[in-house]
């Protein structure tokens, strides 16, 4: 099964890279070493993952890491095609995102495997405090850029709050799951003190996200909370009520943000602002229309006319150059990733680990839905990047951290300890002295004062059995020989 960690990612990434090289050769009849940068980086990452999981004797699911690595390969080749990765020289911190993310993913798996993820459950307050500290730090030390807040170097450490808040809320929900399941006539009726406690703890990071103006992260984390609550309680009323609450909050909060109002107006009627906020979604729709069913060929389109196409609109590159077929394949890969992750959560025999896995998979799935939905104009733009594919160092590192947790939960059972065979002297003390053909016979029992072998031999005659060596106690021998004259 380890071979799939190589086969599937390479089957996806290599043809795309060869297509880009073919387009390059049609324009410039030479290839330099820099043209092989993405595939070299990706092959090195695959070798590291393969060797590490083999050395650590990984026994979990293989479909999840294989699909995640395939999506990473697509993202790496896509960024190379758009020009964000052009040579082996490191010109920005984002070029180190994939190697660093792979190391963090493997380190997370190694630290959390064999059920050690459950040790995080008592420290829920620490993870809540860390998420609040990170958001406050970004608000104080960051600067506004493209409607979001970044640190110098366009680093957005607020991405790390996604796994932090998931681990925190998983402790709260799994610890009170029985109380949260209480209902009357299908209507959830949990104790009021539980609702007040969870709401009071969840409110500080959400209020800070509103103050930061990151409405996309606000919507993503609240939607993830609703999915986790539904998975823990199996009460559809939580799901319906949560969705109604999200739409109500969006209706109340979007008018308070200038960025939110602009995005909503561009979504409702982009032609009214075709030269300002509506330019990006309109160009994205034109690129999708140009791609058609089969696309223009990977490397043969002009996705650069779409502003910030390498980040929030990376899906447009796939749509224009690989067409509807390529978009369907991307969606199929994400669906496979989500289904594989949910199977990990379903097979886990620990409530806390199952809740954490559900939260991580829900976050990745909802993030994909928000990005693709905004790009194709099904919902307003949220500024959420496409997992594994969009350009952004902090986003990719955080995204690879979450699969590391899934790998650890998947491999949550320590290997069985094998009992070592005792020494010959130890076996002699237990009475198993009889050997035949160099192998010890089973079924030897030791009695007080005598020892007899109870093993029966098939297809052997009576003389052969009587010719076997018999073990007789000293006491019985003297009793028998006493009657000899």
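Bear in mind these aren't lab numbers, they're just calculated from the coordinates by the rules spelled out. Everything numeric here is computed off the predicted structure, so don't read it as measured data. Positions of Cβ are backbone-derived with ideal geometry, glycine not excepted, and every protein chain shown enters the neighbour counts.
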*At 7 Å along the Cα-to-beta-carbon direction for both residue 84 and residue 111, put a label point, then send me their distance in nm to one decimal.*
2.6 nm
*asked:* Give me the extension gain from residue 144 to residue 210: residue separation times 0.36 nm, minus the current Cα-Cα distance, reported in nm with one decimal.
replied: 22.3 nm
*asked:* For the ranges 227-240, 318-331, what's the packing order if you count other beta-carbon atoms within 10 Å of each residue, average per peptide, and put the highest first?
replied: 318-331, 227-240
*Spin-label pair residue 40/residue 151, simplified geometry with 7 Å Cα→Cβ offset, distance in nm*: 3.0 nm
*asked:* With only alpha-carbon atoms in the gyration tensor, what are the semi-axes of the equivalent ellipsoid for segment 152-240, in Å, largest first?
replied: 28, 12, 12
_Cα convex hull volume per residue for segment 112-410 (Å³)_ = 140 Å³
*Quick one: work out Rg over Rh on the C-alpha atoms of segment 93-246, Rh as Kirkwood radius.*
1.01
*Which order results if 411, 34 are arranged by neighbouring Cβ count within 10 Å, fewest first?*
34, 411
*Report the extension gain between residue 286 and residue 183 in nm, rounded to one decimal, defined as 0.36 nm multiplied by the number of residues separating them, less their alpha carbon distance.*
32.1 nm
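Rounded to the nearest 0.05, what FRET efficiency do residue 196 and residue 119 give with R0 = 22 Å and r taken as the Cβ-Cβ distance? Could you check?
0.20
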*Determine the shape class of segment 300-356: with a ≥ b ≥ c the square roots of the Cα gyration tensor eigenvalues, call it rounded for a/c under 1.5, and otherwise prolate if a/b is greater than b/c, oblate otherwise.*
oblate
